[in-house]
Amino acid sequence: MGSPFLLQPSRSLTEEAMAAAGQSQDDLKRIAALRAVELVRSGMVLGLGTGSTAAHALDRIGDLLRGGDLRDIVGIPTFEWAAGIPLTNLAAHPVVALPIDGADEVDPALNLVKGRGGSLLQEKMVEGASRRFVVIVDDSKLVPCLGGSGLAIPVEDGIHGDLQAISDDLLRITGVVEHGMFLGLATSVIVARKDGVVLMDKEANLLLKKQRELVLVDFARDFDKVNPQFPESTIS
Ligand SMILES: O=C[C@H](O)[C@H](O)[C@H](O)COP(=O)(O)O
């Protein structure tokens, strides 16, 4: 009732769902990545993620820069390649407008497991330097609790209990510099499924949990309704 977060499926979503039917996992990764790139504006400082999903986003941003549809973009890399995007670093740009990255697992509270590509320390620094962090995944990455996939972390039955306390305990172990749990960092997760694209958003998710259902949205139209504050960090 009157909530800005009650988002309705749209005609374009239905068309998108039809187009997505029969797509491979890599196709779904690409679909999620392209939706995230719709949020990129000229002049932004971007966080450039690692992995096969992020690679689709970087390739697209590189294409848009080369074609002149985007300009004055710089990116802070979390890996060694950057698809022709001019690079910078956190020393020069300590505030990042928009980090875009994949994940190995996403739980219903938008906590993540990351790092199978080996870049988790740099990722945590870059993605922690922004008020907004957009994660892009296909729906195979969704888990009921971290560790639930049995792939990203060697635990049998997922990680149960207070995740923050577990994180703190891990970081107190001598020699442990970081771990792959990204707690409370993601603000939005774009999930590509065969039946369409789902936005899991920090604000909207509070509502979605009450409703016990996910809401399909027209991402380009509705993202700013759930993220009304546009990031202020630009390269100028
Ligand atoms: O260090 C790797 C990153 O955390 C990746 O974003 C993560 O492993 C997901 O990779 P992919 O998109 O290839 O599944």
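The values are calculated or read from the model by the stated rules, or taken from the named source; none is laboratory data. Just so it is clear, the model here is predicted, and its values are computed rather than measured. Cβ sites come from the backbone with ideal geometry, for glycine too, and all protein chains shown count toward neighbours.
Things to note:
- Selection status of residue 104, without any contact (Cβ under 8 Å) to a residue 60 or more places away in the chain, within 15 Å of the ligand (Cβ to nearest atom) and of a type in the set (Asp, Glu): no
- Scanning the stretch 174-183 turns up one or more residues that are under 17 Å from residue 104 (Cβ atoms), at pLDDT 85 or above and in a strand (DSSP E or B).
- In this structure, residue 66 does satisfy being modelled with pLDDT of 95 or more and basic (Lys, Arg).
- Some residue of the stretch 63-70 being touching a residue at least 24 places away in the same chain (Cβ under 8 Å) and either in contact with an Asp or Glu (Cβ under 8 Å, 6 or more places away or on another chain) or charged (D, E, K, R) (or both): no
- Residue match in the stretch 109-116 (condition: under 11 Å from residue 49 (Cβ atoms), aliphatic (A, V, I, L, M) and near the ligand (Cβ under 9 Å from one of its atoms)): no
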